[in-house]
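Asks: Got a structure for you, questions after.
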Amino acid sequence: MIHLYPKKEFDLPLIAECINPDVFQNETCEKIEQLKIWEGNSQKKLGELFKVEENQTASQPEKTAITIYGDMSKVRKIGACMQNGEIMIQGNVGMHLGEEMKGGKITVHGDAGGWAGSMMKGGVIEIHGNASDYLGAPYRGSSEGMRGGKIIIHGNVGSETGAHIQNGMIKIYGSAGQFAGFRMRKGIIYVQNDCGGRAGACMTEGTIIVGGLLESVLPTFSIEGVRKKAKIEEDEVVESPFYLFLGDLTESGKGRLYVAKEKNPHLRIYERLL
Amino acid sequence: MELLVKNGFVYDPLNGIDGEKMDIAVKDGKIVEKVNERKAKKIDASGMLVMPGGVDIHSHIAGSKVNSGRLLRPEDHFKDFEPKTPITRSGVGYSVPSTFTTGYRYARMGYTTVMDPAMAPLEAKHTHEEFNDIPIIDKASYPLLGDWWFVLEYLREGRIEECARYVAWMITSTKGYAIKLVNPGGLETWGFGHNVRGLDDQVPYFCITPREIIRGLCKVNKLLNLPHTIHVHTNNLGKPGNYVTAVETMKCVEDLALENKPAIHITHCQFCAFKGDDWRTLESGSEDIANYVNGHSHATMDMGQVIFADTTTMTADGPFQFALYELSGNKWVNHDVETETSGGIVPFHYRRKSYVHAVQWSIGLELALLIRDPWKIFMTTDHPNGGPFIAYPKIIAWLMSRKARGATLKKVNPRARSRSLLPSIDRELGFCEIAIMTRAGQAKALGLKDKGHLGIGADADIAIYNVNPETTDPSRKYKSVRRAFKQAANTIKDGKIVVNDGEILKHVGGATMWLDVQTLEPIKITEEMKRKFKEYWTVEYENYPVTEHYLEVSRPITVKADV
Amino acid sequence: MPVVKAVTCPVCGSLCDDIELTIEDKEIVKVKNGCAMCESKFLNYNGKHRIRKPLIRKDGKLVKATLKEAVRKTAEILAEANYPILYGWSSTSCEATRVGLELAEEVGGVIDNTAVVCHGPSLLSVQEIGISSCTLGQIRHRADLVIYWGSDPWSAHPRHIERYTTFSEGRFERSEWRGYVAKIKASIGRKKIESVLRRLFLKKKPTVPSSYLEGRVCPTISREGRKLIVIDVRRTKSAEMADYFIQVEPNKDYELLQAFRALIRDQELDVDKVAGVPVEYLEEVSDAMVGCNFGALFFGVGLTMSRGKLRNIDAALSLVRDLNTRTKFIIMPMRGHFNVAGANTVSTWQTGYPYAVDFSLGYPRYNPGETSVVDVLMRKESDAALIVASDPVANFPRKAAEHLVENPLVVVDPHMNATAHMADVVLPSAFVGIEASGTAYRMDHVPLPLKRVAEPPRGVLPDEEILRRILSEVRKIKRKKQVAAEAQ
């Protein structure tokens, strides 16, 4: 198990793709210290910025587990493209956490910046604080969103959560900003609390479940009926009446938008159509 | 500076040199008889190929359309980048590379001259501004004139000579090099969202047909004595059954050809060699086209080879691009240019397993192999429409080796494989034929007297490739050939060594070539023209031409016209 | 008196190039053909806010310096910075931006243009949807339906309607100017009659009729000829001229656009009203959209900066794209600064990306939100800044402006603007398009030459030249550093 401690408070943005269990594996501490990290426009060695400690335990004999202690909110691309192993961050973390991740697990005991789990293909990201915008969304111009894996957020998230998601699951136990599941193609997004407007805009398939207040439903969704419960995964079902909307009509979509009935009295006007 | 390239196997088809072991002497940027061997810098090319620098007759590398393509596709760039070095500028690549990267990547493959085939005259300054930022290679551009209102109106009235004068004015004002026609008549029709369906379909409001436009501009081309022929992107491009249109297009100027000289260049022919009624019944029309071309001497063409990759299609053919959007559902850019032309962009992924794409791949190679005379068909991908230009070495391997073709054929859609003509074609090109298709033939078709050969007085643009023709059988060892053409051992531009083993040694600015077309009487700007200008365009007449300010390295070529 | 013809106006994105200037004693004394903004620019550019000498901050005060000192100081600031930003570029020439990009690459900085605070979202959406567009002449010749959405051309692009759209004379479509005059006359006449009737019979206060709220479709929507529709949150000057005006509830543009998208696909909506507008009126308008021969949708900052930002544009681009399966339709952003399109264009050809380009890793990287200057400043990441022809202190969010002035700041500008007042080095520059030539790109990407029609103040150079000098000075410093490092 490798422990990293930042040696200072970072002001400049850092690009640290090398903080990745796949890279650390089979390397000595000395080699890890030599890895390159960009700080602003200069290239530094990991050892210049972080104190590196190795801690061999029986359960984690190899360097496939990394724990980082401290504020990493300026550090980007941690765990990008990782396939195996585990990263734990005790503190906040910067943008592009676990970008294009294929496997393994990242846990953050703090907040995460934008594009966490961007273009993710597999593995798990769990964030105990909040996450910013574009959670699980693709890079600019791309429609290749999240393809698999699971993202769990215990706090709130920004806007455009799960844009272009093609598969996989995003669970948010707090609230979400607007445009959750924008241009969603498949997969599941669950928002336990409130959700900003325009959820599911331009979605073609997939499911969005909103357990709290949904500011407004887009006019291009049509009401399908009222359902008693909504299933998130095999062992997680929310029992409470939901309005079920289908959309988005603009894309001739068949996406399913569940909105908790009790929390959304303003949607009662749709009942006349049932 | 003097330079001596020693002991290479020289392939210089225009001068009849076919793999002879000899030295090439260079002085002040030109090929010379000999240099002082003691003073000259020597390059040891023993065991290597020495060829003139590569010439690309058709590659979209600059201008408003290309730049819209760049803007459209951040996801295409972000994993393919080139960091700054003490010598080179940084940039991004893949299907629509940034300007600096474009220059470097061409130079690394031993290319030194590239023609951008589509310049909207109104936006010509943009093309030239980008040319200034494309290092090393020499460039030129073809203004799009097939749907220009002046052309349509004067040709309709049969006023060929006046039309020719306006075309001369336009080529000189836009600092262009040749007359480009794209889906003639179709682009004006696209102004209201429609298209023409064939050579004899009328262009709405203009009472003229594509046939009349093509013939008219072919005559204009002759009257002006332009070095290249008309450069034609046919009607019905990208539609099943369009090989008929391609053959008819060549036929329609048959009688205008003189003394066996080419009169027309059909560009990216693969895209207009489709047989069949729809996409399901699509077949190759390459045999019909090859038969026609083999029997006639007035047409040249380029392949427009498809590469299995994610690329960005861009043409001035607005309606074609819209059809491609409808087919693929990908993002779509349209850009119509007032009184002149249009344009469109759609990202496109050619997949091995797709029947249509695999047939297209096969058609390009069939054409190149079935047309017997390599001086008639040139190697292009219509970059980036069939695929990015960095794939040229792959095509060279396919052309030189049956085995290479077989290896790819094995992996493509089975139905397309079973219908492909490739297994029945034994022809394998030699280095001399490759030299023709990638430089000598292209330079000849373009009328570039100082390019594409290594004779005395030619520009000292030389490519050296690390493959030994005596010991390497390209048919079997196609992979080493591919590797050699991917990274030139040396590229020499204007007598300067700019590339060594694929590494850029110098950032030099390439020249912009353009035609200074001199009519018998200097072109007068009549009141009528000024009036029309005000009516037709939204810019002032004074602000329209591209001034020399826009050409950092200007290389005018004077042409004396017959009108 | 010499008259210079065909001058390109360096004010807004319409880039009118038919301006005639009369020059007397090297001064512009008369402007012909221009709008009020144009006249004011050409006649008053040389006002009292003009900077005439380079300034360097010493002991908290800006004091005069030589150009060489100021360039040297600037180069030192940039060469030493670990994450500098280079911002502005929309009010200068493409030639200057070209050097600016080289400088940004050399110092490993973030280069961004003012698109980031206006049409940046539009570019992001174009990257997702594409755009069906054309040059402005195409609209002049062909458009029989013109829509302005969240944009008030009458005030912000005064000659846009007259030169390029409804009131311009095209090959296939006539100007609607006469019709408009007739309409105004009729409306004045009607108002007179109405007021007479009121005074005679009703004697009560008139209610303001708004065509849609009154429950009646404006009859002109179905008439022949060119039609003008304005969609905005308030009744603008342009709306007054329109054949049809839709007042959209603030921040509900996205819903309205999506509703149009569904309607042109002949989908039924569950709701009766969208964004405060009854669906039946939307149906009328969508019929007009589908029924036209050539439609054009122009959108302004009212759409890009209302709630939903880039997704509003996403919907607008999608709407126009979808309309192309039914008829011909194009869409165009109403660019504000005269050369913001040029700044995007040059940036794109050199780096592949239109704005917000980060060179800190030695190659271009792009991700607005991450590499855009406003966000960099909000996160307090930059450590120096070069501002060219822009005034971010006046325009940026306060937090961003605060971080900007906390770090070394260089301003290259003809005017002593708010940012220059806070700067550490101020380099006066010539007015591009008046005192310096160059190239600018119109909102439809047509390049036009900018003319030099007057002399700049003595010793004042164009942006391009200033930047070249800074660049060469930066290279000198870096070379020295390298030599020193090698000697060690």
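The values are calculated or read from the model by the stated rules, or taken from the named source; none is laboratory data. All figures in this text were calculated on a predicted structure; none of them were measured in a lab. In this analysis, Cβ positions are derived from the backbone assuming ideal geometry, glycine residues included, and neighbour counts consider all displayed protein chains.
Asks: Give the stretch B:287-314 a look and list any residue that's part of a helix (DSSP H, G or I) and within 20 Å of the chain's Cα centre (by Cα), or say none.
Replies: Correct list: B:I289, B:A290, B:V293.
Asks: Scan the stretch B:336-354 residue by residue and report those that are within 8 Å of chain C (Cβ to nearest Cβ), in contact (Cβ under 8 Å) with a residue 60 or more places away in the chain and at negative phi.
Replies: B:D336, B:V337, B:E338, B:S342, B:I345
Asks: Also: Is it the case that the stretch B:376-384 has a residue that's assigned to a helix (DSSP H, G or I) and surrounded by 24 or more Cβ atoms within 10 Å (Cβ to Cβ)?
Replies: The answer is no, given that none of the residues of the stretch B:376-384 is assigned to a helix (DSSP H, G or I) and surrounded by 24 or more Cβ atoms within 10 Å (Cβ to Cβ).
Asks: So, of the residues in the stretch B:308-329 that are among the hydroxyl-bearing types (S, T, Y) and in contact (Cβ under 8 Å) with a residue 60 or more places away in the chain, which turns out to be farthest from A:S142 (Cα to Cα)?
Replies: Residue satisfying both the conditions and the ranking: B:T315.
Asks: Could you list all residues from the stretch C:106-115 that are surrounded by 24 or more Cβ atoms within 10 Å (Cβ to Cβ), part of a helix (DSSP H, G or I) and either β-branched (V, I, T) or modelled with pLDDT of 95 or more (or both)?
Replies: Scanning the stretch C:106-115 gives C:V107, C:T114.
Asks: Now, a different point. I'd like the residue in the stretch B:104-135 that is acidic (D, E), within 23 Å of B:T491 (Cβ to Cβ) and at the interface with chain C (Cβ under 9 Å from one of its Cβ atoms) and, out of all such residues, is surrounded by the fewest Cβ atoms within 10 Å (Cβ to Cβ).
Replies: Residue satisfying both the conditions and the ranking: B:D133.
Asks: Check the stretch B:157-172 and report whether any residue there is more than 14 Å from chain C (Cβ to nearest Cβ) and among the hydroxyl-bearing types (S, T, Y).
Replies: For the stretch B:157-172, residues more than 14 Å from chain C (Cβ to nearest Cβ) and among the hydroxyl-bearing types (S, T, Y): present.
Asks: Next question, about the same structure. I'm trying to understand the selection: among the residues of the stretch A:162-212, which are among the small types (G, A, S), in a loop (DSSP other than H, G, I, E, B), closer than 17 Å to A:G117 by Cα and without any contact (Cβ under 8 Å) to a residue 40 or more places away in the chain?
Replies: Selection gives A:G162, A:A163, A:A180.
Asks: While we're here: Can you name the condition, by its number, that C:G225 falls short on among (1) in contact (Cβ under 8 Å) with a residue 12 or more places away in the chain; (2) surrounded by fewer than 19 Cβ atoms within 10 Å (Cβ to Cβ); (3) within 12 Å of chain A (Cβ to nearest Cβ); (4) of a type outside the set (D, E, K, R)?
Replies: All conditions pass for C:G225, except number (3).
Asks: If you take the residues of the stretch A:215-231 that are within 14 Å of chain C (Cβ to nearest Cβ) and among the aliphatic types (A, V, I, L, M), which of them is surrounded by the fewest Cβ atoms within 10 Å (Cβ to Cβ)?
Replies: A:I223
Asks: Here is a follow-up. Quick check on the stretch B:239-286: of everything there that is outside any helix (DSSP H, G or I), polar (S, T, N, Q) and on the phi < 0 side of the Ramachandran plot, which residue is nearest to the chain's Cα centre (by Cα)?
Replies: Looking at the filtered set, the residue picked out is B:T267.
Residue-by-condition table, conditions (1) farther than 28 Å from C:G109 by Cβ; (2) surrounded by fewer than 14 Cβ atoms within 10 Å (Cβ to Cβ):
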position: A:L4; (1), (2): yes, no
position: A:E9; (1), (2): no, yes
position: A:P13; (1), (2): no, no
position: A:I37; (1), (2): no, no
position: A:S42; (1), (2): no, yes
position: A:L46; (1), (2): no, no
position: A:K77; (1), (2): no, no
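Asks: Still on this model: Give me the pairs: first residue in the stretch C:143-155 and in the same structural domain as C:K227 (by TED's automatic domain parsing), second residue among the hydroxyl-bearing types (S, T, Y) and outside any loop (DSSP other than H, G, I, E, B), beta-carbon distance under 7 Å, and six or more apart or on different chains, which are they?
Replies: Filtered contacts from the stretch C:143-155: C:Y148/C:S238; C:D152/C:S238; C:P153/C:S238; C:W154/C:S238.
Asks: Output the residues belonging to the stretch A:232-263 that are surrounded by 20 or more Cβ atoms within 10 Å (Cβ to Cβ) and not in a strand (DSSP E or B).
Replies: Of everything in the stretch A:232-263, those that are surrounded by 20 or more Cβ atoms within 10 Å (Cβ to Cβ) and not in a strand (DSSP E or B) turn out to be A:D248, A:L249, A:T250, A:E251, A:G253.
Asks: Then there is this: Got a number for residues in the stretch B:422-461 being surrounded by 18 or more Cβ atoms within 10 Å (Cβ to Cβ) and within 22 Å of B:L399 (Cα to Cα)?
Replies: 20
Asks: If you don't mind, there's one more thing I want to ask. Run B:P319 past the list (1) in contact with a helix residue (DSSP H, G or I) (Cβ under 7 Å, 6 or more places away or on another chain); (2) outside any helix (DSSP H, G or I); (3) within 22 Å of B:L217 (Cβ to Cβ) and report the number of the one that doesn't hold.
Replies: All conditions are met except number (2).
Asks: Tell me yes or no: at least one residue of the stretch C:117-126 is more than 21 Å from the chain's Cα centre (by Cα), not hydrophobic (A, V, I, L, M, F, W, C) and not in a helix (DSSP H, G or I).
Replies: Scanning the stretch C:117-126 turns up no residue that is more than 21 Å from the chain's Cα centre (by Cα), not hydrophobic (A, V, I, L, M, F, W, C) and not in a helix (DSSP H, G or I).
Asks: A further question on this structure: Considering only the stretch C:141-189, state which residues are over 29 Å from C:G336 (Cβ atoms), within 14 Å of chain B (Cβ to nearest Cβ) and of a type in the set (A, V, I, L, M, F, W, C).
Replies: Once the filter is applied, which keeps residues that are over 29 Å from C:G336 (Cβ atoms), within 14 Å of chain B (Cβ to nearest Cβ) and of a type in the set (A, V, I, L, M, F, W, C), the stretch C:141-189 yields only C:F172.
Asks: Report, ordered by the first and then the second residue, all pairs with beta carbons closer than 6 Å, sequence separation of six or more or different chains, a first member in the stretch A:241-257 that is facing chain C (nearest Cβ under 9 Å), and a second member that is crowded, with 22+ Cβ neighbours inside 10 Å and part of a helix (DSSP H, G or I).
Replies: Close Cβ pairs (under 6 Å, with a partner that is crowded, with 22+ Cβ neighbours inside 10 Å and part of a helix (DSSP H, G or I)) amount to A:L249/C:A262; A:T250/C:Q258; A:T250/C:R261; A:T250/C:A262.
Yes/no per residue for (1) at negative phi; (2) touching a Leu at 6+ places or on another chain (Cβ under 7 Å):
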| site | (1), (2) |
| --- | --- |
| A:Q25 | yes, no |
| A:E48 | yes, no |
| A:E54 | yes, no |
| A:I78 | yes, yes |
| A:G85 | no, no |
| A:G91 | no, no |
| A:G98 | no, no |
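Asks: Name the single residue that is modelled with the highest pLDDT among those in the stretch A:56-77 being more than 11 Å from A:V108 (Cα to Cα) and among the aliphatic types (A, V, I, L, M).
Replies: A:V75
Asks: Could you check the stretch C:4-59 for strands (runs of 3 or more DSSP E) lying wholly inside it with 3 or more residues that are over 17 Å from the mean Cα position of the chain (by Cα) and closer than 14 Å to C:V453 by Cβ?
Replies: Where strands (runs of 3 or more DSSP E) fall fully within the stretch C:4-59 and carry at least 3 residues being over 17 Å from the mean Cα position of the chain (by Cα) and closer than 14 Å to C:V453 by Cβ, they are C:19-24, C:27-32.
Asks: For the stretch A:188-207, indicate whether the set of residues that are touching a Pro at 6+ places or on another chain (Cβ under 6 Å) and among the hydrophobic types (A, V, I, L, M, F, W, C) is non-empty.
Replies: Looking through the stretch A:188-207, none of the residues is touching a Pro at 6+ places or on another chain (Cβ under 6 Å) and among the hydrophobic types (A, V, I, L, M, F, W, C).
Asks: Out of all the residues in the stretch C:343-377, which are at positive phi and either in contact with a Lys or Arg (Cβ under 8 Å, 6 or more places away or on another chain) or more than 11 Å from chain B (Cβ to nearest Cβ) (or both)?
Replies: If the condition is that a residue be at positive phi and either in contact with a Lys or Arg (Cβ under 8 Å, 6 or more places away or on another chain) or more than 11 Å from chain B (Cβ to nearest Cβ) (or both), then C:G352, C:G362, C:G369 are the ones that fit.
Asks: Here's a check for you: in the stretch C:279-303, which residue that is aliphatic (A, V, I, L, M) and not in a strand (DSSP E or B) is surrounded by the fewest Cβ atoms within 10 Å (Cβ to Cβ)?
Replies: By that ranking, first place goes to C:V290.
Asks: Looking only at the stretch A:113-147, count every residue that is touching a residue at least 12 places away in the same chain (Cβ under 8 Å) and under 21 Å from C:R365 (Cα atoms) and tell me the total.
Replies: The number of residues fulfilling the criteria is 20.
Asks: When both residues are 6+ apart or on different chains and their Cβ atoms are under 6 Å apart, which pairs have a first residue that lies in the stretch C:311-329 and is at the interface with another protein chain (Cβ under 8 Å from one of its Cβ atoms), and a second that is among the hydroxyl-bearing types (S, T, Y) and not in a helix (DSSP H, G or I)?
Replies: Once the first residue is at the interface with another protein chain (Cβ under 8 Å from one of its Cβ atoms) and sits in the stretch C:311-329, its partners that are among the hydroxyl-bearing types (S, T, Y) and not in a helix (DSSP H, G or I) give C:R321/C:S132; C:N324/C:S132.
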